[in-house]
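> The structure follows.
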Number of protein chains: 2
Amino acid sequence: MSDDRYMRLAIEQARIGLSEGGIPIGAALVADGEVLGVGRNRRVQEGSAIRHGETDCLENAGRLPARVYRKSTLYTTLSPCHLCAGAVLLYGIPRVVIGENRTFTASEGLLRQHGVELVVLDLDECVQMMREFIAANPALWNEDIGVED
Amino acid sequence: MSDDRYMRLAIEQARIGLSEGGIPIGAALVADGEVLGVGRNRRVQEGSAIRHGETDCLENAGRLPARVYRKSTLYTTLSPCHLCAGAVLLYGIPRVVIGENRTFTASEGLLRQHGVELVVLDLDECVQMMREFIAANPALWNEDIGVED
């Protein structure tokens with residue numbers, strides 16, 4: 001199943017992020033079977049406040065016309081925060097495949113309200129990666145999701 | 001009035017962007033009278049899909065704890081798109097001051113639903129800057145807001 005294959009790219013990005021000391025969330029943007037970009041959370045690596053997994057992926061995919069976004073699927077290891085959901089809405093990305101939404105969820109209702117198709121794979125591998133990271137780095141995680149310690 | 005003063009910083013950023021050949025939208029983030037960052041749309045300048053005025057400003061302000069965002073005001077020359085509104089919601093920024101919302105509006109309802117205070121200054125200077133830019137660069141503008149030509 002190709003959703004599983006593209007989610008592997010997102011998970012691979014998350015694991016690269018973890019190995020860099022970063023927050024393990026990864027993403028991939030795919031249209032017509034072509035991988036347009038991959039990315040990962042770079043808060044730690046680049047001191048970034050806006051490079052979440054999904055936004056880093058969109059940045060790496062580069063400038064694209066609306067017609068490409070509108071036939072694409074965004075794969076992300078973790079349910080999108082409002083920033084990343086906003087990127088999906090801005091560009092009219094019609095479909096988001098989510099590794100897991102047990103450790104975090106914020107925007108799924110908003111995305112569905114706007115007609116975005118969500119597929120939650122509920123992968124134990126993604127849940128475990130986030131649980132271990134959050135337990136070891138609670139302050140960093142709170143910073144990434146805008147929560148006060 | 002200090003809102004006017006900080007909006008001047010956002011307008012100055014928009015004008016710098018225009019002089020660089022970019023899309024003239026600028027922003028500033030302010031807390032307790034301190035300017036934490038300024039930014040401008042860098043789609044053209046950096047080939048960026050995610051550096052809108054507001055997100056570039058947040059990136060330039062750097063990594064901040066939630067308690068700082070939660071006492072800050074974001075100044076932007078143009079009413080926020082969904083990406084930038086998502087950034088406001090992610091970080092719990094309680095107040096957004098908008099130069100104008102006549103040439104574009106997308107997320108004001110969403111922001112208000114989440115309790116964000118919006119102040120629309122309705123500045124002719126901002127309206128004119130966007131109108132002239134959009135008339136001269138319709139394809140670039142459509143790309144920036146995810147609209148098909």
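The values are calculated or read from the model by the stated rules, or taken from the named source; none is laboratory data. These numbers were taken from a predicted model, which means no experiment stands behind them. Cβ: placed from backbone, ideal geometry, glycine included. Neighbour counts: every protein chain shown. Areas reflect the complete protein model, heavy atoms only, side chains present, ligands, DNA and RNA absent. Shrake-Rupley method; radii C 1.70, N 1.55, O 1.52, S 1.80 Å.
> Quick check on segment B:43-60. Is at least one of its residues in a loop (DSSP other than H, G, I, E, B), crowded, with 19+ Cβ neighbours inside 10 Å, in contact (Cβ under 8 Å) with a residue 24 or more places away in the chain and more than 10 Å from chain A (Cβ to nearest Cβ)?
no
> Sticking with this one: Please go through segment B:87-109 and give me each residue that is open to solvent by 40 Å² or more (accessible area, probe 1.4 Å) and out of contact with any Ser or Thr (no Cβ under 9 Å at 6 or more places or on another chain), ordered by number.
B:GLY109
> Here's something else I'd like to know. Being surrounded by fewer than 20 Cβ atoms within 10 Å (Cβ to Cβ) and part of a loop (DSSP other than H, G, I, E, B) is the filter here, so list the residues in segment B:5-42 that pass it.
Residues satisfying the conditions are B:GLU20, B:GLY21, B:ASP32, B:GLY33.
> Hey, another quick one. Testing B:ARG112 on (1) open to solvent by 30 Å² or more (accessible area, probe 1.4 Å); (2) touching a Leu at 6+ places or on another chain (Cβ under 9 Å); (3) under 26 Å from A:LEU64 (Cβ atoms), one condition comes back false. Which one is that?
Unmet condition: (3).
> Quick check, is A:THR77 outside any helix (DSSP H, G or I), crowded, with 16+ Cβ neighbours inside 10 Å and in contact (Cβ under 8 Å) with a residue 60 or more places away in the chain?
Working: outside any helix (DSSP H, G or I): yes; crowded, with 16+ Cβ neighbours inside 10 Å: yes; in contact (Cβ under 8 Å) with a residue 60 or more places away in the chain: yes.
In short, yes.
> Report, ordered by the first and then the second residue, all pairs with beta carbons closer than 6 Å, sequence separation of six or more or different chains, a first member in segment A:99-117 that is part of a loop (DSSP other than H, G, I, E, B), and a second member that is of a type in the set (Ser, Thr, Tyr).
A:ASN101/A:SER79; A:PHE104/A:SER79; A:THR105/A:SER79
> I would also like to ask the following. Are any of the residues in segment B:20-29 without any contact (Cβ under 8 Å) to a residue 24 or more places away in the chain and within 23 Å of A:TYR69 (Cβ to Cβ)? If you could, list the steps in order and put the result at the bottom.
We begin by selecting, within segment B:20-29, every residue without any contact (Cβ under 8 Å) to a residue 24 or more places away in the chain; these are B:22.
Among the residues that remain, those that are also within 23 Å of A:TYR69 (Cβ to Cβ) are: B:22.
So far as segment B:20-29 goes, yes, one or more of its residues are without any contact (Cβ under 8 Å) to a residue 24 or more places away in the chain and within 23 Å of A:TYR69 (Cβ to Cβ).
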